Amino acid sequence: MCEAAGGEVLWRDARCRVILADEAAHPAFCRVVWHAHVREMTDLGPAERTHLLGVVLAVEAVLRELLAPAKINLASLGNQVPHLHWHVIPRFIDDAHYPDAVWAAPRREGVAHAVDAGRLRERLAAVIAATVAAQ
């Protein structure tokens with residue numbers, strides 16, 4: 001995650017980026033990736049933590065606005081990839097895994113709720129700009 005984008009870049013600044021992950025069953029699955037290689041939130045200073053969480057919450061807000069999911073899952077795991085990143089995953093009652101985690105075995109065929117990447121990119125730019133300005 002230090003080198004490769006990790007998906008379609010929707011927004012970026014000097015500290016982090018928002019990507020649309022390549023998850024076929026969950027095409028609106030986003031990740032917020034910290035550019036510098038750190039493992040944990042506590043590796044960041046207070047201002048950096050505020051910035052990162054502001055971006056995560058802005059992504060959540062935009063996904064809620066555009067898709068009206070039943071729930072948003074936020075996760076910062078890093079067990080397989082020990083590089084600080086947050087998963088922002090809109091969940092729908094008809095997705096393949098609901099109500100289980102997206103990493104669980106699928107329960108059904110499911111419906112993959114897509115997002116218009118251009119519209120998502122546009123809204124993220126506006127909402128993140130407002131969020132960062134307010135910090």
- Task: Output the residues belonging to the range 57-95 that are more than 14 Å from residue 20 (Cβ to Cβ), among the aliphatic types (A, V, I, L, M) and surrounded by 21 or more Cβ atoms within 10 Å (Cβ to Cβ).
- Result: 58, 84
- Message: Looking at the range 28-52 only, could you name the residues that are within 24 Å of residue 72 (Cα to Cα) and either touching a Ser or Thr at 6+ places or on another chain (Cβ under 6 Å) or among the acidic types (Asp, Glu) (or both)?
- Response: 40, 48
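Being among the aliphatic types (A, V, I, L, M), surrounded by 13 or more Cβ atoms within 10 Å (Cβ to Cβ) and over 28 Å from residue 99 (Cβ atoms) is the filter here; which residues of the range 37-56 pass it? It would help to see each step written out before you state the result.
Keep residues of the range 37-56 that are among the aliphatic types (A, V, I, L, M), which gives 38, 41, 44, 47, 52-53, 55-56.
With the extra rule that they be surrounded by 13 or more Cβ atoms within 10 Å (Cβ to Cβ), the set shrinks to 38, 41, 44, 52-53, 55-56.
Answer for the range 37-56, where residues must be among the aliphatic types (A, V, I, L, M), surrounded by 13 or more Cβ atoms within 10 Å (Cβ to Cβ) and over 28 Å from residue 99 (Cβ atoms): 38, 44.
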- Task: Collect the residues in the range 40-55 that are charged (D, E, K, R) and either without any contact (Cβ under 8 Å) to a residue 40 or more places away in the chain or in a helix (DSSP H, G or I) (or both), keeping them in residue-number order.
- Result: 43, 48, 49
- Message: So if I check each of 58, 125, 96, which one is touching a residue at least 60 places away in the same chain (Cβ under 8 Å) and either part of a loop (DSSP other than H, G, I, E, B) or touching a Pro at 6+ places or on another chain (Cβ under 8 Å) (or both)?
- Response: 96
- Just one of (1) free of Cβ contacts under 8 Å to residues at least 60 places away in the same chain; (2) closer than 20 Å to residue 8 by Cβ trips up residue 37, so point out which. (2)
- Could you count how many residues in the range 7-36 are among the β-branched types (Val, Ile, Thr) and either surrounded by fewer than 16 Cβ atoms within 10 Å (Cβ to Cβ) or part of a loop (DSSP other than H, G, I, E, B) (or both)? 1
- Message: For the range 99-116, which positions are in contact (Cβ under 8 Å) with a residue 60 or more places away in the chain, loosely packed, with under 14 Cβ neighbours inside 10 Å and within 18 Å of the chain's Cα centre (by Cα)?
- Response: 114
- Query: What is the one condition in (1) closer than 18 Å to residue 14 by Cβ; (2) under 17 Å from the mean Cα position of the chain (by Cα); (3) not hydrophobic (A, V, I, L, M, F, W, C) that residue 71 does not satisfy?
  - Reply: (1)
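No lab work stands behind these numbers, since they all come straight from the coordinates. In this text, all values refer to a predicted model and were calculated from it rather than measured experimentally. Don't worry about glycine lacking a Cβ; one is built from the backbone with ideal geometry, like all the others, and counts go over all protein chains shown.
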